[in-house]
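Quick notes on the structure that follows.
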C-alpha cells in the first residue's frame, strides 16, 4: 500500500478532513498515485452537476461522494470528457522541436488530467467495502492492492479513479497474460499483481526466449540473475529454457510476492530463488538479465516507476555493477527500447559511452520492432517516436575478459 504524506506534515497513515452536518470528520487517506489529500473537501451527490464538479476539481477541491455509486461513475465519465476537451492537446513533434518537447508537454497534460479526475472521492468502510447505494463488492480487489482489511475499525477515503484501476488490475490478475514463450495454453499465463508491471508487450520476452544462452565451462551448471524481476516472467522463461538455477531480485514487496506466486504456478519455483535486493544479489553468474524502465524521466506516481527511470538510475546502476557480477566468459543481457532516443531523452552515443565507462563490451545485439498499439495511431502526440521504436537485447561482456 502507498499512503501519501498529509499536507499538514503528519506521518503515515495520512488523513483527510471535511465537515459534514457541522461535524468535523476525519478518515484515513489512501492514494495510489502518492498525492496528498485535498486541502479542501466538499460533499457531492446525485444533484451535483458535471459543470460544477469540474470547476471544483480544477480548483483542487475534493468531491466526497454521498450519492448513488453508479451516478458517481457517470459523473467521472462527464469529467473525463470535459478534461479531454479543455486540455491543450500537445502538438506532434517536428524536426525543429527541442529534444523531448512533445514528450514533456504530453506528460504535463496527462498529469493535469489525472489530478482533476482524481478529485472525485469515495468512502470505504474498515472492511474495504464502499458505503454507497448500488456499490459493487470491492473488498477483494482492495485487499489485493492495500492488504487485508484491518480490525481497527478505521474507514478510509480514496479516489474513484484509483478504485477503477484496482478493479481492472484485479480482473487482469484473475485472467492472466498469456506468454507463448512459457509453453502451450492454458498453463502459460502470468498473473500480474496490482502495481507490478504487466508483460503485455511480448517482444522483450521473445528476445530473452530466443537468444542463445552463453556457454559455461564443462561440467559447470549455468547460473542466471534476473535483476528487477517484477512479475517473474523473465526468470520463468530462463527456467523453462533449462537454466538450472536463477536468482531473481526486486526491491518492491508487491513484485516479490507476485513473482513467487507466478513461479510456483508455472512449476519452476524449485529453480528460481526470489530475493529482495537493490539490483544485484551477492556473487557472480554466467548470465545477468535486466529489463529496466525504458524512459529516463521522473515518475509522477509510485505506480509509474516500472516505466520511468529518473536520471537512468536503474540502467546506470545495472551497468556500473554488471562487470563485477559476471563470471569469466559470462554475459549481461540488457533489454532496452530506443524510444528514449526517438523522444530526445537519451542518445545512442550516451548509451554506448555508459557501456564503455563501466568496462563493458558489446558482444552482439538482437532487435525487433516494438509492439505498441499507439504506434499505429497517427493522432497520438508521440506517434512518430512510437512508430520508429525498436526493442533491443544488448549482449554485454566484461572488457577484462578479452584482455586476459
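Only the coordinates and a few stated rules stand behind these numbers; no lab work does. Note that the structure is predicted; figures quoted are calculated from it, not measured. Cβ atoms come from the backbone with ideal geometry, glycine included; neighbour counts cover every protein chain shown.
Brief remarks follow.
- Rg/Rh, computed from the Cα trace of region 15-172 with Rh as the Kirkwood radius, has the value 1.02.
- From the largest down, region 162-304 spans 54, 36, 25 angstrom on the principal axes of its Cα atoms.
- Least to most buried among 41, 288 (fewest other Cβ within 10 Å first): 41, 288
- Considering helices alone, the calculated mean residue ellipticity of the chain at 222 nm is -9500 deg cm²/dmol, with DSSP H runs of length four and up weighted by -39500 (n - 2.57) and normalised per residue.
- Length gained on full extension, residue 174 to residue 19, computed as 0.36 nm times the residue gap minus the Cα-Cα distance: 51.9 nm.
- Computed from the alpha carbon positions, the gyration tensor of region 176-403 leads to an equivalent ellipsoid with semi-axes of 25, 23, 16 Å, biggest first.
- Within a Gaussian network of the chain (alpha carbon springs, distance under 10 Å), most fluctuating of 128, 17, 193: 17
- Degrees separating the helix 160-175 axis from the principal Cα axis of the chain, which is the longest one: 40
- Highest mobility in the GNM of the chain, judged by mean-square fluctuation with C-alpha springs under 10 Å and restricted to 82, 113, 161, is found for 82.
- If the chain linking residue 68 and residue 311 were pulled fully straight, counting 0.36 nm for each residue of separation and taking away their Cα-Cα distance, it would gain 83.0 nm.
- Only Cα pairs under 8 Å and 6+ residues apart enter the sum, and on that basis the relative contact order of region 15-172 stands at 24 percent.
- Förster radius 22 Å - calculated FRET efficiency between residue 140 and residue 164, Cβ distance, rounded to 0.05: 0.90
- Ranking of 69, 318 by count of other Cβ atoms within 10 Å, fewest first: 69, 318
- Degrees between helix 101-117 axis and first principal axis of the chain (Cα, 0 to 90, nearest 10): 40
- Angle between the chain longest axis and helix 253-265 axis [Cα atoms, degrees, rounded to 10]: 60
- Going by neighbour counts of Cβ atoms within 10 Å, the residues 303, 253, 16 line up, fewest first, as 253, 303, 16.
- Pairwise FRET efficiency - residue 112 versus residue 46, Cβ, R0 = 25 Å, nearest 0.05: 0.40
- Based on Cα contacts under 8 Å between residues 6+ apart, the chain shows a relative contact order of 12 percent.
- Here the ratio of the Cα radius of gyration of region 206-269 to 2.2 N^0.38 Å is 1.13.
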